[in-house]
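Written below as structure tokens is the structure these notes are about.
The values are calculated or read from the model by the stated rules, or taken from the named source; none is laboratory data. Small disclaimer: the values here were computed from a predicted structure and weren't measured. Ideal geometry is used to build each Cβ from the backbone, glycine not excepted, and the neighbour counts take in all protein chains shown. Just so you know, the surface numbers come from the protein's heavy atoms only, side chains and all, with ligands and any DNA or RNA stripped out. Shrake-Rupley method; radii C 1.70, N 1.55, O 1.52, S 1.80 Å.
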Amino acid sequence: MAFEEKRAWMLVLVTIASYAAYLAVVLRRHDGAAALAQTPYVSALLWTVGAAVVTQIALNIVVAILSPEGANTKDQRDREIHRFGMYIGQSFIVIGGAAGLALAMVRADQFWIANVIYLAFALSAILSSTAKIVAYRLGFHPW
């Protein structure tokens, strides 16, 4: 398995785990009496994003130590697959930005704006990495 494919797998798993942890914390904090938008979310969001970044870095280091043969090399195919995955993942960044902007224009609560943007970032990472994994597994044929 190519090192870049391993990175894509790690990003998918870390993103899913961190977003699930965020949802679990926020939903656990929510008491049924108040509106969901009144639930404290900022610290959970910051901690899960920070933990995801640190975990991703640590996993990259561990995998590079355990399989150093491809850790520092990228060939043309790796670069093209990376670019392809990033192009696909960017769609959710745009959708999240537009949704956040629309929510701000209708004066939605900050809770909803932050959560739609965080969801878009998570979906972008998952979609981008999934596209890379599929390209590595099924072959990549540039247009």
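The lone criterion from (1) assigned to a helix (DSSP H, G or I); (2) modelled with pLDDT under 95 left unmet by PHE140 is number (1). Residues that are polar (S, T, N, Q) and within 17 Å of GLU80 (Cα to Cα) within region 90-143 comprise GLN90, SER128, SER129, THR130, listed in sequence order.
Yes/no matrix, rows are residues, columns are (1) open to solvent by 60 Å² or more (accessible area, probe 1.4 Å); (2) within 15 Å of ALA125 (Cβ to Cβ):
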residue: ALA8; (1), (2): no, yes
residue: THR15; (1), (2): no, yes
residue: LEU27; (1), (2): yes, no
residue: ASP31; (1), (2): yes, no
residue: ALA52; (1), (2): no, yes
residue: ILE65; (1), (2): yes, no
residue: THR73; (1), (2): yes, no
residue: TYR87; (1), (2): yes, yes
residue: ILE93; (1), (2): no, yes
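Here is a yes/no grid of residues against (1) under 30 Å from ARG77 (Cα atoms); (2) open to solvent by 60 Å² or more (accessible area, probe 1.4 Å); (3) in a helix (DSSP H, G or I); (4) of a type in the set (Ser, Thr, Tyr):
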position: GLY100; (1), (2), (3), (4): no, no, yes, no
position: VAL116; (1), (2), (3), (4): no, no, yes, no
position: SER128; (1), (2), (3), (4): yes, no, yes, yes
position: VAL134; (1), (2), (3), (4): yes, yes, yes, no
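Within region 53-86, the set of residues being out of contact with any helix residue (DSSP H, G or I) (no Cβ under 9 Å at 6 or more places or on another chain) and in a loop (DSSP other than H, G, I, E, B) comprises ASP75 only. Being free of Cβ contacts under 8 Å to residues at least 24 places away in the same chain and among the aliphatic types (A, V, I, L, M) narrows it down to one of VAL54, VAL63, so name that one. The match here is VAL54.
Right, ALA108: in a loop (DSSP other than H, G, I, E, B) and either within 16 Å of GLU5 (Cβ to Cβ) or open to solvent by less than 40 Å² (accessible area, probe 1.4 Å) (or both) or not? Yes: the conditions hold for ALA108. Being modelled with pLDDT under 95, among the small types (Gly, Ala, Ser) and part of a helix (DSSP H, G or I) holds for only one residue in GLY89, GLY32, GLY50, and it is GLY89. Scanning region 36-45 for residues that are open to solvent by 60 Å² or more (accessible area, probe 1.4 Å) and under 15 Å from VAL116 (Cα atoms) yields one hit, VAL42.
A search for C-beta distances below 8 Å between a residue of region 97-116 that is in contact (Cβ under 8 Å) with a residue 40 or more places away in the chain and any residue that is open to solvent by 50 Å² or more (accessible area, probe 1.4 Å) and among the polar types (S, T, N, Q), counting only pairs 6+ apart in sequence or on different chains, returns PHE111/GLN38.
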